[in-house]
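What follows is a set of notes on a single structure, which appears directly below.
Any read-out appearing in this document is the output of simple, stated calculations on the displayed coordinates, not a laboratory observation. None of these values were measured; they are calculated from a predicted model. No Cβ is skipped: glycine too gets one built from the backbone with ideal geometry, and neighbour counts run over all protein chains shown.
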Amino acid sequence: MFIKGIEIASQFTRAIHTISRNIDSTDIIPGAATLFFVNSDGWALTCKHVVQHLIGSDQLQKRKNDYLSELMKIKGVKNERQLKKEVLKKFDYIKQPIYESYNCFMNCVDGNLQYEAFMHPETDVALIHFLNYSNLFCNQFPIFAKNVNELQQGKYLCRLGFPFPEFTNYFYDSSEDKIKWNQSGRIDSPKFPIEGMVTRHLVDSTQVVIGVEMSTPGLRGQSGGPLFDQNGIIWGMQSATNHLDLDFDVMQEVIRNGKKTKVEDHAFLHVGHCVHVKALKSFMKQHKVQFQEET
């Protein structure tokens, strides 16, 4: 049903790869998010929480540098071990152990990577504007739905993103005590679509519709990906997943491997939250970003 829509959305949907690690660990944690371009001037849509993560990565680097400077001051001091614990607490590494985080925009632009970001004050939507690049790796752009009133309960739509990071082009450099990207291993991750039905509208504090709920969850890594129909027309953007308590608690004795065992299960319905196409178009108009709309 969505073969054509996925082919169209793939033309302008891109992955953001992330690698991170916790303090005092060399284990690298891969992650991903999604954005999609809206025009040939280098403008793209994604979630506000994705942009906040990008900004947070820069803040992590500053915290790391400040932390290492503090450690240098106490190096060789008699009670160095105790002082190190105090420094860890000072920089909040006990509660927030993420030590490094780096991001890579996949197949977006060639040349110098510079961008500016604009975040909506309330809704989970943001615009990224790539600047001073030599080549934009996108020449097909989305068409946004015109009649937003058609986005009603029962409408069947699809989302596209990169929820399962399979890239392996990273390593830990022990000589610098730093995680880095490289060109060996797998560089990309497969795109992953997931379909669903519109179940309910989402409203803000003033009862204005700002999103839609989907019958299936948005997957981690699909945040910022487009919500589209079978023709590739954009109806929204994946933002979050909500967990609805079904009140189907089960505490039951079953047979497993020939033995009785007690099983306890608490069921939830995982539903997707998407930013409404009306909210996306309004935000782009606010920032004078050109986009295509159905005729």
What percent does the relative contact order of the range 1-80 come to when contacts are Cα pairs within less than 8 Å and at least six residues apart? 18 percent
Net charge near Ala9, counting Lys/Arg +1 and Asp/Glu -1 over other residues with Cβ under 14 Å of its Cβ? +1
Vicinal HN-Hα couplings computed from phi for the range 81-92 (Karplus, 6.51 cos²θ - 1.76 cosθ + 1.60; Hz; Gly/Pro x): 4, 5, 5, 5, 4, 5, 5, 4, 5, 4, 8, 6
Report, ordered by chain and residue number, the lysines lying within cross-link reach of Lys95, taken as a straight Cα distance under 16 Å and ignoring same-chain residues fewer than 8 apart. Lys64, Lys84, Lys85
Sequence neighbours fewer than 8 away in the same chain don't count; with that in mind, list the lysines whose C-alpha is under 30 Å from Lys285. Lys4, Lys48, Lys146, Lys155, Lys191
Any trypsin sites (Lys or Arg not before Pro) in the range 135-168 that lie in a DSSP loop and have at most 15 other Cβ atoms within 10 Å would be Lys146, Lys155
Given the rule -39500 (n - 2.57) for each run of at least 4 DSSP H residues, summed and divided by the residues of the chain, what is its mean residue ellipticity at 222 nm, to the nearest 500 deg cm²/dmol? -6000 deg cm²/dmol
Please give the contour-minus-distance gain from Arg200 to Asn257: 0.36 nm per residue of separation, less the Cα-Cα distance, rounded to one decimal in nm. 16.3 nm
Where the only charges are on Cβ atoms (+1 Lys, Arg; -1 Asp, Glu), what is the dipole of the chain about its Cα centre, to the nearest 20 debye? 720 debye
Under 8 Å for C-alpha pairs, at least 6 residues apart: give me the relative contact order for the range 147-295, rounded to a whole percent. 22 percent
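Using a 10 Å cut-off around each Cβ, can you sort Thr261, Thr206, Thr13, Thr216 from fewest to most neighbouring Cβ atoms?
Thr206, Thr261, Thr216, Thr13
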19 Å tail of the calculated P(r), the range 36-117, as % of Cα pairs: 53 percent
Helix 277-286 vs. the chain, principal-axis angle (Cα, 0 to 90°, nearest 10): 70 degrees
Would you please name the trypsin sites (Lys or Arg not before Pro) within the range 195-295 that are DSSP coil residues with at most 16 other C-beta atoms within 10 Å of their C-beta? Arg220, Lys288
As I understand it, the value is the acute angle between the Cα axis of helix 48-74 and the longest principal axis of the Cα atoms of the chain; what does it come to in degrees, rounded to 10? 0 degrees
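Relative contact order of the chain: what whole-number percent is it, with Cα pairs under 8 angstrom and at least 6 residues apart?
Rounded, it is 22 percent for the chain.
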How much net charge surrounds Arg21 when only other residues with a Cβ under 9 Å from its Cβ are counted (Lys, Arg +1; Asp, Glu -1)? -2
